[in-house]
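Remarks on the structure that follows.
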Amino acid sequence: MALGGRVGQLAMLSALPLVFSLSFSGREWTVKNGDGMGPGPNSWSASNVWVDDLGHLHLKISHVNGRWQCAEVSSVEKLGFGRYQWFVDGAIDKLDPVVVLGLFNYPGSSVGPDGTNEIDIEYSRWSDPNGKPASYTVHTGSLPPASITHQFDVSLSGTFTTQSFVWSGTQIAFSAQHGHQDNNSNNIYSQWTFTDGTNGVRVPQHEESVFMNLWLNKGQTPFNNQEVEIVIYAFKFTPL
C-alpha cells in the first residue's frame, strides 16, 4: 500500500482496521491512522509519520483535500522507571495556538482508565494566543482521577531542544534544555519536580507505552491555516 510515496517506511500489520508500524531509535512504534479519534477528536494519517534516511522521526499536521490530519506514534514496548529523553527539532515555542506537541507516557486498559497513570510534556497554548506555550502534567496513578500541571514560558534562540523527565517510584523530575544534550544539567531553560502525593496526586507505578503526537486542540483549524512539522532526532530511555 502506497502512503504518500513513503512505501517501506510503514509496514501493515493487519487489516480491518489498518494498523501500521515503523522502527525508530531502536524500537518499534505503532502509527495511528483513522478519523474521529482522540485527542481532539481529530483525523490521523499514517502518511504524516515517517523516518528519514538519517533515522529522524517526522511528525506532521497536514491539510489535504480540505481535511486537517494529525500524527501519532506509540511504542510497542512498555517502559518503566528511568530517564526519558527526546531530541527535538522545531520552533516549539512558536506553535500555532491550537497545535499540540505531546511527548508522554500513557496507560493501556490493563494499567488504568483515561485520566490516570499519565506523564506529559506538552507544548501548546491550548487555543489561547496569550497562554503559556508549555506544560508538564502528572495524572494520578490511583483512583479517583486527579492531575497537577506546571505551565511555563519558553523563548528559544534556535530550534534544537532536549525534552526529558526522570521517573522513579516517588517523584518525576522534568527538564528542558537548549540544544541536544545527553545529560540533565547543561543549558536548562525549564525544570519542575513532582513529588508523590502532591495535592493528592500519586506517581504512576506501572510500565506504560511512550507516545509522541502532533495534533489540533479540540480538532480546531489552526489560526494561521498552516501545516506544521516537528522532527524528533532520537528518543532515548535509560532505566533506573
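Observations, loosely collected:
- Scope region 22-43; condition under 11 Å from VAL73 (Cα atoms), assigned to a strand (DSSP E or B), touching a residue at least 40 places away in the same chain (Cβ under 8 Å) and not β-branched (Val, Ile, Thr); matching residues: LEU22, PHE24, GLU28, TRP29
- Test set (1) in contact (Cβ under 8 Å) with a residue 12 or more places away in the chain; (2) surrounded by fewer than 22 Cβ atoms within 10 Å (Cβ to Cβ) - ILE61 fails condition number: (2)
- Considering residues of region 184-216 that are within 21 Å of ASN130 (Cβ to Cβ) and either of a type in the set (Gly, Ala, Ser) or surrounded by fewer than 19 Cβ atoms within 10 Å (Cβ to Cβ) (or both) only, the residue farthest from the chain's Cα centre (by Cα): TYR189
- Which listed residue, of SER142, SER175, is surrounded by 17 or more Cβ atoms within 10 Å (Cβ to Cβ) and among the small types (Gly, Ala, Ser): SER175
- Within region 145-156, considering residues that are within 18 Å of ASP196 (Cα to Cα) and of a type in the set (A, V, I, L, M, F, W, C), the one surrounded by the most Cβ atoms within 10 Å (Cβ to Cβ): ALA146
- Condition check for ASN199: polar (S, T, N, Q), part of a helix (DSSP H, G or I) and farther than 26 Å from PRO41 by Cβ: yes
- Of all residues in region 218-235, those satisfying the criterion of being surrounded by 14 or more Cβ atoms within 10 Å (Cβ to Cβ) and closer than 15 Å to GLN69 by Cβ are GLY219, GLN220, PRO222, GLU227, VAL228, GLU229, ILE230.
- Note on region 203-225: residues that are in a loop (DSSP other than H, G, I, E, B) and within 19 Å of TYR84 (Cβ to Cβ) amount to 5.
- Selection within region 75-96 - crowded, with 20+ Cβ neighbours inside 10 Å, of a type in the set (Gly, Ala, Ser) and not in a loop (DSSP other than H, G, I, E, B): SER75
- Here the condition is being of a type in the set (Gly, Ala, Ser), in a loop (DSSP other than H, G, I, E, B) and either under 16 Å from GLU118 (Cβ atoms) or modelled with pLDDT of 95 or more (or both); of SER185, SER142, SER190, SER157, it holds for SER142 alone.
- Any hit, region 97-112, residues being modelled with pLDDT of 95 or more, in a strand (DSSP E or B) and either over 15 Å from the mean Cα position of the chain (by Cα) or more than 21 Å from GLU28 (Cα to Cα) (or both): yes
The values are calculated or read from the model by the stated rules, or taken from the named source; none is laboratory data. Here the structure is a predicted model, which means the values were calculated and not measured. Here Cβ is always computed from backbone atoms with ideal geometry, including for glycine, and neighbour counts include all displayed protein chains.
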